[in-house]
Amino acid sequence: MQDEHISSAFDRDLETVQALIMKMGGMVEEAILNAAISLESRDEELAEKVRAGDKAIDALEEQIDEDTARIIALRAPTAIDLRVILTVMKIASNLERIGDYAKNMAKRTTVLSQLTPINGAAASLRRMARETERMLRDALDAYIQRDEKLALEVIARDHDVDQMYNALFREFLTFMMEDPRNITPCMHLHFIAKNTERMGDHVTNIAEQVVYLVTGSFPEESRLKSDKTSVDPETSQVE
């Protein structure tokens with residue numbers, strides 16, 4: 001009877017944490033889309049909304065960390081249950097990083113709104129961001145449904161995001177060579193593209209965690225990155 005009570009309490013606690021994960025995921029999805037829309041429309045007010053909203057995303061990650069630590073301390077979870085809790089913590093961490101990249105995109109939108117636009121770049125970045133957001137939505141669905149197949153599909157789609165990034169990188173180089181006045185806006189656009197590509201990496205991490213949760217092991221084949229550049233946007237953030 002005592003074991004049943006502990007199991008029931010654990011299930012309730014886990015449901016609460018999973019609800020927070022889905023709430024956090026929804027906020028991150030919205031941040032990605034709003035950051036991309038603000039870039040294309042040069043909407044500084046919407047960009048500021050994304051930047052301000054990142055604090056709420058960070059706060060949710062902290063709450064999830066606290067709740068999962070409390071569950072481990074109070075419920076003494078079994079090995080399988082512990083795997084669920086660790087997956088939740090990993091997903092929250094990746095969501096927080098994706099939110100940071102969306103915030104960085106919004107920061108650069110404010111700068112780019114004062115510069116000469118680069119033809120077609122914002123629309124291309126919006127498409128790339130939209131694909132990343134869809135991947136995230138599917139990765140979270142895979143987690144809730146414990147769907148290994150869907151998670152593996154998300155992992156495979158990261159290649160498409162990498163290809164979009166590589167195409168944009170080449171475009172920006174062409175624009176910069178054609179006219180030196182394009183160098184500054186193209187550099188900012190490149191970092192936005194790189195941030196979006198890194199979002200895809202973190203979404204893929206989430207999908208890999210789902211595979212681990214369902215099967216007990218990570219996907220056998222390591223991801224082969226299609227991104228051939230080496231610039232890390234985390235070292236080039238706009239304050």
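If you go through region 27-43 and keep only what is of a type in the set (Gly, Ala, Ser) and either buried (at least 17 other Cβ atoms within 10 Å of the Cβ) or under 11 Å from Glu133 (Cβ atoms) (or both), you end up with Ala31, Ala35, Ala36, Ser38.
Consider Asp160 carefully, then state whether it is closer than 22 Å to Glu220 by Cα, in contact with a helix residue (DSSP H, G or I) (Cβ under 8 Å, 6 or more places away or on another chain), touching a residue at least 40 places away in the same chain (Cβ under 8 Å) and open to solvent by 30 Å² or more (accessible area, probe 1.4 Å). Taking the combined requirement at face value, the residue does not satisfy it.
Here Val88 meets each of (1) in a helix (DSSP H, G or I); (2) open to solvent by 50 Å² or more (accessible area, probe 1.4 Å) with one exception, condition (2). Answer yes if at least one residue in region 2-16 is of a type in the set (A, V, I, L, M) and modelled with pLDDT of 95 or more, and no otherwise. So far as region 2-16 goes, no, none of its residues is of a type in the set (A, V, I, L, M) and modelled with pLDDT of 95 or more. Of the residues that make up region 82-90, is at least one within 21 Å of Ala19 (Cα to Cα) and more than 23 Å from the chain's Cα centre (by Cα)? Scanning region 82-90 turns up at least one residue that is within 21 Å of Ala19 (Cα to Cα) and more than 23 Å from the chain's Cα centre (by Cα).
Take the conditions open to solvent by 70 Å² or more (accessible area, probe 1.4 Å) and either modelled with pLDDT of 95 or more or in a helix (DSSP H, G or I) (or both) and apply them to Leu74. Does it pass? So Leu74 fits the description; yes. Being touching a Ser or Thr at 6+ places or on another chain (Cβ under 8 Å) and over 13 Å from Gly200 (Cα atoms) is the requirement here; does Tyr143 meet it? So Tyr143 fits the description; yes. Among the residues of region 24-59, the ones that are over 16 Å from Leu112 (Cα atoms) and touching a residue at least 60 places away in the same chain (Cβ under 8 Å) come to 8 in all.
Annotation note: Cβ proximity below 6 Å between a residue of region 67-78 that is within 14 Å of Val17 (Cα to Cα) and a residue that is open to solvent by 80 Å² or more (accessible area, probe 1.4 Å) and modelled with pLDDT under 90 (sequence gap 6+ or interchain) occurs for no pair.
For region 43-101, give me each residue that is under 23 Å from Thr215 (Cα atoms) and of a type in the set (Asp, Glu). Result: Asp81, single match.
Out of the residues in region 173-216 meeting the condition of being among the charged types (D, E, K, R) and over 18 Å from the mean Cα position of the chain (by Cα), tell me which one is most open to solvent (accessible area, probe 1.4 Å). Step by step, filter region 173-216, then rank; the result is Arg181.
The rows are residues; the columns are (1) free of Cβ contacts under 8 Å to residues at least 40 places away in the same chain; (2) crowded, with 24+ Cβ neighbours inside 10 Å; (3) assigned to a helix (DSSP H, G or I).
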position	(1), (2), (3)
Asp100	no, no, yes
Gln114	yes, no, no
Ala123	no, no, yes
Ala129	no, yes, yes
Thr132	no, yes, yes
Ala142	no, yes, yes
Glu153	yes, no, yes
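The values are calculated or read from the model by the stated rules, or taken from the named source; none is laboratory data. A quick note: this is a predicted structure, and the numbers were derived from the prediction, not measured. A quick note on method: Cβ atoms are made from the backbone with ideal geometry, for glycine too, and the neighbour counts reach across all protein chains shown. Please note that ligands, DNA and RNA were not included when accessible areas were found on the heavy atoms of the full protein model with its side chains. Shrake-Rupley method; radii C 1.70, N 1.55, O 1.52, S 1.80 Å.
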